[in-house]
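Q: Dropping the structure in here first, questions after.
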Amino acid sequence: MFDARIYSERRNRLKTQVGSGLVLLPGNDESPMNYPANTYHFRQDSSFLYFFGLDQPGLAGVVDIDGDRDILFGDDIGLEDVIWMGHLPTVKDRAALAGVGTTRPLAKLEAALKQAKTKRRKIHFLPPYRAEGARKLGAWLGIPAKDVKGKASQTLCRTVVAQRSVKIQEEIDEIEKALAVTHDMYRAAMAMTRPGIHEYEIMGRIEGIALARGCRPAFPSIVTINGQVLHNHGYGNVLAEGRLLIDDSGAESPRGYASDITRTIPVSGRFSPRQRDIYEIVLKALETAIRAVRPGIKYREVHLEAAGVIASGLKSLGLMKGDPEAAVQAGAHALFFPHGIGHMMGLDVHDMEDIGEGLVGYTEKLKRSSQFGLAYLRLARELEPGFVATVEPGIYFIPPLIDKWRKAGKFADFIDYDKVETYRDFGGVRIEDNVLVTADGRRVLGKPIPKTVVDVEAATGTGA
Ligand code: GLY
Ligand code: MN
């Protein structure tokens, strides 16, 4: 946990910004995998973690704005739990670590909320993202579980997003701790990359590094020679000579902060000339995008700049044609770069996506585009100092998409489909870094992980 003062300050800001009523922030509970005692890894709710810092199940926080008081609801564990699970400090002692002076048994929460309701006090809560969370909130608040999400407080959602978007130094330090582990995960993945090894051997090793350093994987790792499948979670392939391996993985620090890095590694240890051409375009798009990051710029502009680099680069290879700027405007480049340039990152890899991607990445004035590709951009709004975002351009050859667009004659003025056909089995390239927006620009977080052609080749098991 951070110092108790940090959590108290965060809750005090919440009180000022939400204005009145009660804020209810439930923590997560254990979630059974295949029978009640065999549970998934416990992951605390990120907003509960942000405002109360406690990483155990069975807790709920209430910020009583009008009474200027914070209350932690939870139960002390009994002897049976001590026997099976070990000692856990009392709720009172745990609350003190978060700067909370008042505690109550969990069974008192429903009555406390009922009383607030009868007094017509507003109860603010965030939209639940787990079925259990919706059921629990519904029971406490006396509303059907299916209606809970729709009754979430927009004021609270906006306030929490505004507060969590700007990271303090302690949070940046956590992200950099996760990145230090991620650095070693990548050095190991690169050293292991060679023909004949399975994807799961690399995945197991890198996730093992995260675990062996007191971290966890921040999300299911992507370790695949089929990088054209964007969120590929299969690990069964044998790495074959001539393929590219996409490794998109990250660590979650002990305090819950994520990293999210991607590198593309040639299985043979050397990029073929064709692979190098595509790789250099993606690297240029990454570097251009990173250089563009600064306070005040819309992330959509950064996305479009990267898309412009990709369209120009693909034109120079004969895969695209016509005016690259017009191609990007029309969305033709999205055949190759169908996702967004990046997303916010913090306690969640896609930070606060449970509260609402639209609230995190867009504003009242800046609406999401409906254009294929641009529509997947998670972060489009103006950047502010303290934001941490991923920058992750890519180029992919996705056979079903190519076939569909070709058949429809889509963007035939901008795409040379005969040439694209010769890249059909290419796979994909993505390179991703994590960037902090500073007062006058940006800082790429973490110790550098090889990303130039020369450095990646030198880091592979069979490379230079
Ligand atoms: N690292 C996976 C993603 O950003 O979606
Ligand atoms: Mn990412």
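The values are calculated or read from the model by the stated rules, or taken from the named source; none is laboratory data. On a predicted model such as this, the values are computed, not experimentally measured, just so you know. Here the Cβ positions follow ideal geometry from the backbone for every residue, glycine too, while neighbour counts run over all protein chains shown. Surface accessibility is based on the protein's heavy atoms, side chains included, excluding ligands, DNA and RNA. Shrake-Rupley method; radii C 1.70, N 1.55, O 1.52, S 1.80 Å.
Q: Looking only at segment 146-171, how many residues end up being of a type in the set (A, V, I, L, M, F, W, C) and open to solvent by 40 Å² or more (accessible area, probe 1.4 Å)?
A: 3
Q: Restricting attention to segment 354-363, does a residue exist that is farther than 25 Å from Ala189 by Cβ, open to solvent by 20 Å² or more (accessible area, probe 1.4 Å), within 15 Å of ligand 1 (Cβ to nearest atom) and part of a loop (DSSP other than H, G, I, E, B)?
A: Scanning segment 354-363 turns up at least one residue that is farther than 25 Å from Ala189 by Cβ, open to solvent by 20 Å² or more (accessible area, probe 1.4 Å), within 15 Å of ligand 1 (Cβ to nearest atom) and part of a loop (DSSP other than H, G, I, E, B).
Q: Can we say Arg294 is touching a helix residue (DSSP H, G or I) at 6+ places or on another chain (Cβ under 9 Å), open to solvent by 10 Å² or more (accessible area, probe 1.4 Å) and either farther than 18 Å from Ala380 by Cα or away from ligand 2 (no atom under 16 Å from the Cβ) (or both)?
A: No, not satisfied.
Q: Glu174 fails exactly one of the following numbered conditions: (1) of a type outside the set (Lys, Arg); (2) more than 23 Å from Glu392 (Cα to Cα); (3) buried (at least 21 other Cβ atoms within 10 Å of the Cβ). What is the number of that condition?
A: All conditions are met except number (2).
Q: For segment 411-464: of the residues being free of Cβ contacts under 8 Å to residues at least 24 places away in the same chain and more than 24 Å from the chain's Cα centre (by Cα), which is farthest from Ala326 (Cα to Cα)?
A: Result: Ala458.
Q: Sticking with this one: Considering only segment 81-115, state which residues are in contact (Cβ under 8 Å) with a residue 60 or more places away in the chain, open to solvent by less than 90 Å² (accessible area, probe 1.4 Å) and over 15 Å from Gly67 (Cβ atoms).
A: Listed by number, the residues that qualify are Ala96, Ala98, Gly99.
Q: Could you please find all residues in segment 199-229 being farther than 13 Å from Glu252 by Cα and open to solvent by 50 Å² or more (accessible area, probe 1.4 Å)?
A: Tyr200, Glu201, Arg205, Val229 - these are the residues of segment 199-229 that are farther than 13 Å from Glu252 by Cα and open to solvent by 50 Å² or more (accessible area, probe 1.4 Å).
Q: Another question, if that's okay. What single numbered condition from (1) within 16 Å of ligand 2 (Cβ to nearest atom); (2) in contact (Cβ under 8 Å) with a residue 40 or more places away in the chain fails to hold for Gln275?
A: Looking at each condition in turn, Gln275 falls short on (1).
Q: Next question, about the same structure. Looking at segment 116-132, I want the residues that are open to solvent by 100 Å² or more (accessible area, probe 1.4 Å) and have a partner that is at pLDDT 95 or above with Cβ atoms under 6 Å, at least 6 apart or on another chain. Which pairs are those?
A: Lys122/Gly21; Tyr129/Asp354
Q: Kindly list the number of the only condition in (1) over 30 Å from Glu382 (Cα atoms); (2) out of contact with any Gly (no Cβ under 8 Å at 6 or more places or on another chain) that fails for Lys149.
A: (1)
Every residue, every condition in (1) farther than 20 Å from Ser316 by Cα; (2) within 16 Å of ligand 1 (Cβ to nearest atom); (3) charged (D, E, K, R), yes or no:
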position	(1), (2), (3)
Lys407	yes, no, yes
Asp416	no, no, yes
Val420	no, no, no
Phe426	no, no, no
Glu432	yes, yes, yes
Val435	yes, yes, no
Pro448	yes, no, no
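Q: Taking the stated definitions as given, is Arg430 touching a Ser or Thr at 6+ places or on another chain (Cβ under 9 Å) and farther than 30 Å from Phe48 by Cα?
A: So Arg430 fits the description; yes.
Q: Among the numbered criteria (1) in contact (Cβ under 8 Å) with a residue 40 or more places away in the chain; (2) in a helix (DSSP H, G or I); (3) surrounded by fewer than 24 Cβ atoms within 10 Å (Cβ to Cβ), which single criterion is violated by Gly322?
A: Of everything listed in (1) in contact (Cβ under 8 Å) with a residue 40 or more places away in the chain; (2) in a helix (DSSP H, G or I); (3) surrounded by fewer than 24 Cβ atoms within 10 Å (Cβ to Cβ), Gly322 misses just condition (2).
Q: Within segment 378-414, which residues are within 16 Å of ligand 2 (Cβ to nearest atom), open to solvent by less than 10 Å² (accessible area, probe 1.4 Å) and farther than 27 Å from Arg276 by Cβ?
A: Leu379, Ala380, Phe387, Val388, Ala389
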